[in-house]
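Just below is one structure, and these are the notes that go with it.
Since every read-out is calculated from the coordinates, none of them should be taken as a lab result. Keep in mind it's a predicted model, so treat the numbers as computed, not measured. Cβ atoms come from the backbone with ideal geometry, glycine included; neighbour counts cover every protein chain shown.
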Amino acid sequence: MEIIEGRNPLIEALKAGRPVSKILLDSNIRKHGAVELILNLSKARGVPVEFVDRRIMEKQSSTGSNQGVIAYAEVKEFVDLSELINISRIKPDKPLYLLLDGIEDPHNLGAILRTAEATGVHGVIVRERRAAGITPAVIKASAGAVEYVNIARVANISQAVVTLKKNGIWVTGIDMNGQADYRTMDFTLPSAIVIGGEGQGLSDLVRRRCDWVASIPMKGKIMSLNASVAAAVVMYEALRQREGPLPR
């Protein structure tokens, strides 16, 4: 069982059809807007709703920001890497994946999943160990995007890079020491973008196995970006290239 905290994450879980066993609402919560929608969706899905004292909510909460809403749902299912590749084959656009080489901060992971969903990324590939899992904090930070993004969990990111390359995917690592400008990469090709972990960046083996390693130009005194910001910058560049020039 997995805990979902916050109004938007629960709304998206209910809309997406994730099995939810019970919803707790703060007994003093105002029943309008998002809360009214939660009540309507839960009624339509036959999910029991219980109004409880705020102190009970706080004891159940792990994020410290539940907005008076906590739900108990089935655990988010991961997909196999091979399944992720097969999913791309039935999509109308060319594959676009995001690999995370050791993202440990749950807020970074949640923000990355939110941007991945917004930019049409086919799937996000994460490490099994020494990386953030799909926790209540990640679900909340993703604002519900976790419900719609295919996530594959692998033992080894460098081996995942090899597998993708064997399936015709061109892999670009993003690193502050990359020689190329990320804007010169051709993301209209079947592509995968690799973002390194906070602090250490790309691991040496992953960097060597990428087809290219590119950097994001930095004009100020700060020499690196937050991992979720760097990922967003590159994902939106890929979207820009794939959408073509703006209409005049």
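Would you compute the Debye intensity of the chain from its alpha-carbon atoms alone, equal scatterers and no solvent, and pass along log10 I(q)/I(0) at q = 0.08, 0.13 Å⁻¹ to two decimals? Reported log10 I(q)/I(0), two decimals: -0.34, -0.82.
The radius of gyration of the Cα set in the range 2-73, together with its Dmax, comes out at 10.8, 30 angstrom. Taking each of LYS76/LYS166; LYS22/LYS91; LYS91/LYS140; LYS15/LYS165; LYS59/LYS91; LYS76/LYS165 in turn, the alpha-carbon distance tops 32 angstrom for LYS22/LYS91; LYS15/LYS165; LYS59/LYS91. The GluC sites (Glu not before Pro) of the range 30-101 that meet both conditions, a loop assignment by DSSP and at most 16 other Cβ atoms within 10 Å of the site Cβ, are GLU74, GLU77. Note on THR163, THR184, THR63: ascending count of other Cβ atoms within 10 Å places them as THR184, THR163, THR63, the fewest first.
For the range 43-102, a Kirkwood radius taken over Cα pairs fed into Stokes-Einstein (25 °C, viscosity 0.890 mPa s) yields D = 154 µm²/s.
If you model the range 132-245 as an ellipsoid using its alpha carbon gyration tensor, with each semi-axis the square root of five times an eigenvalue, the axes come out at 21, 19, 17 Å, biggest first.
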